[in-house]
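Following: one structure in structure tokens, then a few remarks.
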Amino acid sequence: MNPTASMTLPSADTPLYNHPLPDIEQWLITKGCQQDKTELHCWYLDQPDWKAELILDIDQLTVRYFEFGERARAVQRSFKYSLSRQDIEDAIFAGP
């Protein structure tokens with residue numbers, strides 16, 4: 001059995017830096033993200049209206065949105081791990 005499958009996440013108002021890495025990875029999986037097989041700190045999200053690449057950096061989570069709107073463009077945003085998981089989730093998954 002996968003040990004991360006039974007983990008319970010800290011409360012949503014907990015800063016992301018207080019989440020163990022396996023919890024963050026499980027959270028991303030439950031939100032529909034897929035981990036890069038070779039670059040394990042990179043995750044991908046494919047939504048109907050946009051796509052995103054999430055990068056777990058040392059001190060922040062960086063999101064690059066692409067394939068949205070009328071023109072081919074990209075938007076990048078960074079979120080410090082000191083923000084709550086709920087705030088980061090609301091910002092990331094709302095899209096570009």
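Computed from the coordinates by the stated procedures, all read-outs in this text should not be read as laboratory data. Keep in mind that this is a model prediction, so the values were computed, not measured. No Cβ is skipped: glycine too gets one built from the backbone with ideal geometry, and neighbour counts run over all protein chains shown.
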Residue-span extension gain [residue 35 to residue 21] - 0.36 nm each, minus C-alpha spacing | 3.7 nm
Summing Lys, Arg as +1 and Asp, Glu as -1, what charge do residues with Cβ under 11 Å from the Cβ of residue 83 carry, residue 83 excluded?
-> -2
Cα-centred dipole magnitude for the chain, charges only on beta-carbon of K, R (+1) and D, E (-1), debye, nearest 20 | 120 debye
Whole-Hz ³J(HN,Hα) from phi, Karplus 6.51 cos²θ - 1.76 cosθ + 1.60, for region 81-89, glycine and proline x | 5, 6, 6, 5, 4, 5, 4, 5, 4
Calculated [θ] (222 nm, deg cm²/dmol) that DSSP helices of n ≥ 4 give over the chain, each run adding -39,500 (n - 2.57) | -5500 deg cm²/dmol
Set of lysines with alpha-carbon distance to residue 80 below 24 Å, sequence-local pairs under 8 removed | 31, 51
Taking K and R as +1 and D and E as -1, what net charge do the other residues with C-beta under 15 Å from the C-beta of residue 12 add up to?
-> -3
Kindly write out, for region 42-55 in residue order, the coupling ³J(HN,Hα) from the Karplus curve 6.51 cos²θ - 1.76 cosθ + 1.60 (θ = phi - 60°), rounded to whole Hz, with x marking Gly and Pro.
-> 9, 10, 10, 10, 10, 9, x, 9, 6, 10, 8, 10, 10, 10
The chain: D in µm²/s via Stokes-Einstein (Kirkwood Rh, Cα pairs, 37 °C, 0.692 mPa s)?
-> 237 µm²/s
